[in-house]
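For reference, the structure discussed in these notes is given below.
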Amino acid sequence: MPNIAGLQNNLHKANHKENMRLNAEKFGFSTPKTWVISSTTDDILNDLVFPVIIKAIHSQDAPKSIQIFNTKEELIPVADELLKKSKEVQIQTFINKEKEVIYLGWAHNDDVCIPCLMEKIREFPSKFGGTGFGYFSPETCKYFDIEQLKNLVRSYRYTGLFSVEYVIHKGIPYFLEINFRNDGNGYFPGYGGVNMPVQLIKKCSGETISADQKITAPFYMMREYNDYKWCKENNYSFYKWLKDMNKVSVFQYWNRKDIFPFVCFIKDHVARMVSNKIKKILR
């Protein structure tokens with residue numbers, strides 16, 4: 001199981017978004033301008049620099065539903081609802097990103113392996129969603145010295161899979177958060193020769209596994225259903241989408257050598273569509 005120094009409840013403490021942000025700053029990373037409130041009557045709300053976004057202080061406290069707010073009047077009702085689920089909320093100035101970059105890896109105490117970064121090309125929902133189309137690269141020092149990030153992860157004495165999110169604005173990488181779990185894109189480095197879950201299991205079993213590995217070459221990936229929904233939402237032509245698919249080396253579900261996951265996904269998706277239509281008819 002993922003853990004922080006093997007101690008109970010430490011993972012929950014590490015997931016505190018504001019503590020995480022402050023720790024990233026200690027290691028030299030830029031972060032968005034941030035405020036933390038426990039009530040919408042806090043005077044600090046008068047200091048906000050709009051537009052802003054708002055999050056529960058712990059991801060587990062409330063479902064992820066990020067919106068952009070341009071005024072205090074828009075923000076307060078949503079903050080009030082969120083504070084019913086979370087003791088505190090984090091408010092950050094919205095950064096209009098030029099690019100979003102995710103670093104994926106595994107850690108076993110002081111051994112931290114970050115074999116690649118992924119640059120998001122498309123995501124659904126737009127601005128705050130899961131990756132649809134992306135580019136994996138072994139050039140982990142493209143935006144900063146990767147040892148800087150490894151030292152940040154080491155400071156947690158963490159064992160487990162993880163990902164770290166940044167947005168790039170005017171060439172500056174802004175730290176967003178560390179996800180102390182297997183990322184939704186964690187399957188893809190395996191295509192590049194680094195099967196992170198298997199390596200972590202072997203490391204935890206006492207085998208010698210190098211933490212300095214990189215994926216063998218850059219490649220495009222696609223989470224096909226997410227990307228299809230993005231294309232539909234943005235009226236992206238089917239012809240262009242097929243051209244993009246031609247660049248892709250690895251898909252989330254489709255694999256001609258093993259079509260069973262894709263078949264299962266289609267069956268599950270169709271079953272849910274039918275179930276939802278029946279529920280609507282019976283209302």
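Take the residue pairs LYS55/LYS84; LYS142/LYS214; LYS203/LYS247; LYS33/LYS99; LYS55/LYS85 and return only those whose Cα atoms are more than 23 Å apart. Can you show the working numbers first?
Numbers: LYS55/LYS84 13 Å; LYS142/LYS214 14 Å; LYS203/LYS247 34 Å; LYS33/LYS99 18 Å; LYS55/LYS85 11 Å.
Those over the limit are LYS203/LYS247.
Out of ILE209, ILE114, ILE57, any idea which swings most in a Gaussian network model of the chain, alpha carbons joined below 10 Å?
Judging by the Gaussian network model, the answer is ILE209.
What FRET efficiency, computed as 1/(1 + (r/R0)^6) with R0 = 30 Å and r the Cβ-Cβ distance, is obtained for LYS232 and ARG181, rounded to the nearest 0.05? Kindly include the intermediate steps, with their values, before the conclusion.
On the way: r = 29 Å, r/R0 = 0.96.
E(calc), rounded to 0.05, equals 0.55.
Separation between the LYS97 and LYS280 pseudo-spin-labels, each 7 Å from Cα along Cα→Cβ, expressed in nm?
Modelled inter-label distance: 3.2 nm.
Between ASP268, ASP227, ASP61, find the one with the highest GNM mean-square fluctuation for the chain; connect C-alpha pairs within less than 10 Å.
For the chain, modelled as a Gaussian network with Cα springs under 10 Å, the answer is ASP268.
For region 110-121, in order, what is each residue's ³J(HN,Hα) by Karplus, 6.51 cos²θ - 1.76 cosθ + 1.60 with θ = phi - 60°, in whole Hz (x at glycine and Pro)?
3J(HN,Hα) across region 110-121, in whole Hz: 7, 8, 10, 10, 10, x, 6, 10, 10, 9, 6, 9.
Give me the percent of the accessible area of the chain that comes from carbon and sulfur atoms, probe 1.4 Å, all protein chains in place. Kindly include the intermediate steps, with their values, before the conclusion.
Values: 8160 of 15280 Å².
With neighbouring chains kept in place, the figure for the chain is 53 percent.
Take the Cα pairs of region 145-210, get the Kirkwood Rh, then feed it into Stokes-Einstein at 20 °C and 1.002 mPa s and tell me D in µm²/s.
159
ASP47: net charge of surrounding residues, Cβ under 14 Å, Lys/Arg +1, Asp/Glu -1, itself excluded?
Values: positive: LYS33, LYS72; negative: ASP42, ASP43.
Local charge sum for ASP47: 0.
If you wrap a convex hull around the Cα atoms of the chain, how much volume per residue is inside, in Å³? Walk me through the intermediate numbers first.
Details: hull volume 50.0 nm³, N = 283.
With only Cα atoms used, the chain gives 177 Å³ per residue.
In Å, what is the Rg of the alpha-carbon atoms in region 56-97, and how long is Dmax?
Over region 56-97's Cα set, Rg and Dmax evaluate to 10.5, 30 Å.
Taking the Cα atoms of region 93-161 alone, what are Rg (to one decimal) and Dmax (as a whole number) in Å?
Calculated on Cα positions, Rg and Dmax stand at 13.5, 36 Å.
Report the residue, chosen from ALA211, ALA271, ALA107, that carries the largest GNM mean-square fluctuation when the chain is represented by alpha-carbon nodes joined by springs under 10 Å.
Between ALA211, ALA271, ALA107, it is ALA271 that shows the largest mean-square fluctuation.
Return one whole number: the accessible area per residue of region 144-283 in Å², for a 1.4 Å probe.
On the way: 8400 Å² over 140 residues.
In whole numbers, region 144-283 has 60 Å² accessible per residue.
By how many nm would the segment from HIS269 to SER155 grow when fully extended, if each residue of separation counts as 0.36 nm and the alpha-carbon distance is taken off?
On the way: separation 114, 0.36 × 114 = 41.04 nm, distance 4.13 nm.
Net length gain for the segment: 36.9 nm.
The values are calculated or read from the model by the stated rules, or taken from the named source; none is laboratory data. Just so it is clear, the model here is predicted, and its values are computed rather than measured. When we count neighbours, we look across all protein chains shown, and the Cβ atoms used for this are built from the backbone with ideal geometry, even at glycine. Accessible surface areas use protein heavy atoms only, side chains included; no ligands, DNA or RNA. Shrake-Rupley method; radii C 1.70, N 1.55, O 1.52, S 1.80 Å.
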